[in-house]
């Protein structure tokens, strides 16, 4: 606050120190930075076994205590009939909790699709992560991930990892994170079972374009430390916009690539989803 100068008629001896110059009042941030900064606290990230750093601001949403569990239900349905009959369904449930030093994240998701009465999509994912913050920008993350894909002839792929993460950029509107660390992958694919130690590198970017609209991008790379020809790349881009209290619309494009798929299966899967997200 500006310092008020002494009255003009005050004796000189009573004004022991000269008045400090008035300071200009800083205008409030255009994007509610004070509120959003609190939402950004914690070493959160969007892709893989994690949760998002940013959360769109919604004034109508009932605020919960910082350390309360937060739930989200994500549902998407697409269908068409006529020259071709298609049906695609995607559902996910996530739960997250944040304390002063730790962040917890759980997710269960599934996807099912048919084209001309032939099943062409059937997969499921379970994820979990615990993050521990060392400082404002540094954190360590312990994660687990399980994936099933019937169309890709993948009975299961389970992986665990421990990663060191850092916020390279961390402002009220933009966050860029990187993570690196070792992990282990066990899978049953094409009727064969194997396991190997892997290295993991990931990068995340999120931008709040307005208080209720955000975009993000991420890429995750895992490479077997026993055979460099075996690796996986998971990438995603997306956007989310708040519609009304506790309800938003989300659009994502995911790309999953593996260097050595099961016999007669493709290396690459590209998935697009438009869904509604309810927050509780």
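The values are calculated or read from the model by the stated rules, or taken from the named source; none is laboratory data. Computed from a predicted structure; not experimentally measured. Note that each Cβ is placed from the backbone with ideal geometry, even for glycine, and that neighbours are counted across all protein chains shown.
Remarks
- Qualifying residue in the stretch 203-214 (condition: modelled with pLDDT of 90 or more, under 20 Å from residue 228 (Cβ atoms) and in contact with a strand residue (DSSP E or B) (Cβ under 8 Å, 6 or more places away or on another chain)): no
- Residues in the stretch 225-237 that are free of Cβ contacts under 8 Å to residues at least 60 places away in the same chain and surrounded by 19 or more Cβ atoms within 10 Å (Cβ to Cβ): 1 in all.
- Any hit, the stretch 196-215, residues being outside any strand (DSSP E or B), out of contact with any helix residue (DSSP H, G or I) (no Cβ under 6 Å at 6 or more places or on another chain) and either buried (at least 19 other Cβ atoms within 10 Å of the Cβ) or touching a residue at least 60 places away in the same chain (Cβ under 8 Å) (or both): yes
- Whether a residue is buried (at least 16 other Cβ atoms within 10 Å of the Cβ), in contact with a helix residue (DSSP H, G or I) (Cβ under 9 Å, 6 or more places away or on another chain) and closer than 24 Å to residue 106 by Cβ was assessed, and residue 175 passes this test.
- Boolean, residue 154 is buried (at least 19 other Cβ atoms within 10 Å of the Cβ) and either out of contact with any strand residue (DSSP E or B) (no Cβ under 9 Å at 6 or more places or on another chain) or closer than 25 Å to residue 90 by Cα (or both): yes
- Residue satisfying all of: in the stretch 246-275; outside any strand (DSSP E or B) and in contact with a strand residue (DSSP E or B) (Cβ under 9 Å, 6 or more places away or on another chain); surrounded by the most Cβ atoms within 10 Å (Cβ to Cβ) among these: 261
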